[in-house]
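Please treat every number below as a calculation from the coordinates, not as lab data. Owing to the predicted nature of the structure, the values given are computational and were not obtained by experimental measurement. We place every Cβ from the backbone using ideal geometry, glycine too, and count neighbours over all the protein chains shown.
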Amino acid sequence: MSSRLTLILILLALAVITLSSSIFVVDERQKVLLLRLGQIEKADFKPGIHFKTPFVTDVRKFDAREMALDAQPARYLTGEKKNVIVDSFIIWRISDVATYFRSMSGDEDRAASRLSQIIKDGLRAEFGRKTIQEVVSGDRVAMVQDILTEANRVAEGFGISISNVRIKRIDLPSEVSTSVYTRMEAERERVAKELRSQGAEEAEKIRSDADRQRAVIIAEARRQAEELRGEGDAKATDIYARAFGENEEFYSLYRRLSAYKNVFNGDDMLVIEPKGDFFKRFNDAELPVK
């Protein structure tokens with residue numbers, strides 16, 4: 001009884017092992033190959049449960065999602081024979097798993113190395129046709145699109161599809177940067193001097209115009225002042241004439257008293273004889289009153 005039970009258990013165990021070796025599950029994020037003695041028997045399984053011949057066939061699973069490859073920064077020559085350091089990355093995925101396995105033996109590191117070389121060749125060719133100015137300030141999207149088209153043409157033979165190539169940054173080597181910065185500094189200094197010269201010229205024009213306007217305003221003010229002064233003198237003369245005409249004796253006396261006040265307004269002593277027309281009123285005994 002014990003021997004029969006042991007045999008049954010062994011057979012059950014073998015059945016379980018055989019069954020488990022015959023079933024495999026394909027995830028929707030995977031691409032699967034079925035290999036028979038190292039050769040591809042079937043590829044591109046749909047997601048779900050599948051069966052295989054146990055112990056004879058083998059299952060290889062690969063990531064079907066897009067993967068990022070961060071390429072190492074590398075130097076490239078521009079059309080001006082100037083070095084630039086370019087840092088880029090690649091987005092790729094397996095498009096044909098059978099071709100990928102045959103060309104890369106299913107080795108992701110090998111595929112990454114081959115892709116890096118393809119992109120480097122594309123960047124080298126593209127940068128060699130452009131100047132530093134075009135590389136730095138040009139349309140990188142259009143430049144990368146040309147590289148992407150050629151890279152996909154080559155990568156198709158490896159069962160790989162490249163969906164994107166992006167340039168993260170473009171740097172100049174230190175020796176080139178120093179030269180470029182020196183030229184930029186000289187150019188900025190030249191522009192600054194030109195702007196300062198233009199500013200000084202404009203300032204001189206404004207100053208000359210202000211001086212001219214000042215001279216015109218002062219001349220006009222003086223002319224108006226002279227006119228007002230002339231009008232005032234004329235009015236004063238007219239007032240004096242009318243006042244003098246109404247009382248000639250009083251006006252004559254008032255003018256003489258004003259003249260006396262202006263002459264004898266200090267502490268000096270004058271010893272003179274009050275004769276002459278100026279001292280006429282000193283000798284008058286009385287004044288007629290009108």
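Fully extending the segment from Asp44 to Asp63, taken as 0.36 nm per residue of separation minus the present Cα-Cα distance, adds 5.6 nm.
Each residue in Arg36, Arg223 was given a count of other beta-carbon atoms within 10 angstrom of its own, and listing them fewest first yields Arg223, Arg36. Across segment 199-204, coupling constants 3J(HN,Hα) worked out from phi with the 6.51/-1.76/1.60 Karplus curve, θ = phi - 60°, read x, 5, 5, 5, 5, 5 Hz, and Gly and Pro carry x.
Ranked by the mean number of other Cβ atoms within 10 Å of their residues, highest first, the peptides 79-86, 96-103 fall in the order 96-103, 79-86.
Remark: segment 243-256, residue by residue, has Karplus-estimated 3J(HN,Hα) of 5, 5, x, 6, 8, 5, 5, 5, 5, 5, 5, 4, 5, 5 Hz, where x stands for each Gly or Pro and the curve is 6.51 cos²θ - 1.76 cosθ + 1.60 at θ = phi - 60°. Between Ser88 and Ala71, Lys168, the built amide H atoms are under 5 Å apart, and every one of these is 5 or more places off in sequence or on another chain.
Peptides 143-152, 243-252 ranked from most to least packed by the mean count of surrounding Cβ atoms within 10 Å: 143-152, 243-252. Taking 1.002 mPa s as the viscosity and 20 °C as the temperature, the Stokes-Einstein diffusion coefficient of segment 67-172 based on its alpha-carbon Kirkwood radius rounds to 152 µm²/s.
Taking amide H as placed 1.01 Å from N in the peptide plane, the amide H of Val59 sits under 5 Å from that of Leu35, each at least 5 places away or on another chain.
When the Cα atoms of segment 165-214 are aligned to their principal axes, the ranges along those axes come out at 66, 26, 8 Å in descending order.
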